[in-house]
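> Let me begin by handing over the structure; questions about it come next.
The values are calculated or read from the model by the stated rules, or taken from the named source; none is laboratory data. What you see is a predicted model, and the numbers here were worked out from it, not measured in a lab. Here the Cβ positions follow ideal geometry from the backbone for every residue, glycine too, while neighbour counts run over all protein chains shown.
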């Protein structure tokens with residue numbers, strides 16, 4: 001079973017599900033599904049390597065109502081939390097996301113034997129993608145450092161339910177955007193020449209992902225980091241829910257490459273070259289499917305500017 005996650009905060013009982021997101025303030029907000037012994041500062045996580053928690057950053061919850069979806073294979077509810085950790089016997093920093101199955105909405109108070117019937121297995125999209133991109137030697141996506149797939153014990157919220165840990169490297173560089181005010185972010189503080197270099201790296205990386213059979217999802221400018229020393233553009237967050245393992249067809253890959261080639265020609269004729277790219281315009285997302293649409297639309301906009 002693949003775990004897919006959503007960043008939208010929604011409550012819709014009429015459709016039979018509840019999807020919502022909580023974001024703790026640097027680990028200070030009490031978690032509903034994770035104990036302090038699991039995620040509090042100083043907690044030790046034993047994967048293949050040992051990791052010590054420094055802080056908890058954010059928690060996302062996807063909870064479905066009982067009876068939603070296919071009755072033979074109802075969707076599993078889960079909670080995820082991202083932690084900043086340090087290797088216990090070293091000085092390597094990592095982000096670790098924990099995926100924990102939680103009971104369907106309305107069954108939280110049921111006996112453990114009832115909740116155990118909901119137990120499912122899970123291999124998160126994030127883990128699949130990070131493993132594949134790490135094996136391909138990607139230099140602009142986080143490197144998978146460690147992982148662990150296990151199940152909850154009899155005291156768990158869903159006995160026998162999935163419990164997955166994914167650890168990836170902390171990418172060096174300056175975060176280019178924020179989720180609040182992209183107009184005042186680091187990207188727009190770069191000089192024009194540096195911004196053009198970043199745009200070119202963004203396009204190159206996007207096309208390379210497509211060649212590998214991946215497309216970014218839920219990309220945001222705030223997910224990109226720029227390391228000026230090495231002139232490297234990378235992705236600091238794997239939110240990946242963000243790099244889903246959706247193979248891209250040869251036809252779509254060729255279309256994307258053609259769109260980027262056309263965009264390069266158009267960019268020579270416009271005053272602010274890459275304003276059509278989502279990595280360059282304030283408030284827009286980073287590498288997403290919408291990028292392709294924006295590049296495609298750039299041609300008409302470029303012609304309009306030339307007429308002026």
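> Give all pairs with beta carbons closer than 7 Å in which a residue from segment 84-109 that is at positive phi meets a residue that is surrounded by fewer than 16 Cβ atoms within 10 Å (Cβ to Cβ); count only pairs at least 6 apart in sequence or on separate chains.
Final answer for the pair search is 106/66.
> Can you tell me which residues in segment 51-89 are closer than 19 Å to residue 165 by Cα and out of contact with any strand residue (DSSP E or B) (no Cβ under 9 Å at 6 or more places or on another chain)?
Correct list: empty.
> Give me the pairs, please: first residue somewhere in segment 192-210 and closer than 13 Å to residue 234 by Cα and outside the structural domain of residue 221 (by TED's automatic domain parsing), second residue anywhere and modelled with pLDDT under 90 and not in a helix (DSSP H, G or I), beta-carbon distance under 6 Å, and either six or more positions apart or on two chains.
Close Cβ pairs satisfying both conditions: none exist.
> Can you name the residue in segment 129-142 that is under 16 Å from the mean Cα position of the chain (by Cα) and surrounded by fewer than 18 Cβ atoms within 10 Å (Cβ to Cβ) and is also modelled with the lowest pLDDT among such residues?
It comes out as 132.
> Does any residue of segment 205-224 turn out to be under 30 Å from residue 103 (Cα atoms), modelled with pLDDT under 85 and out of contact with any helix residue (DSSP H, G or I) (no Cβ under 9 Å at 6 or more places or on another chain)?
yes
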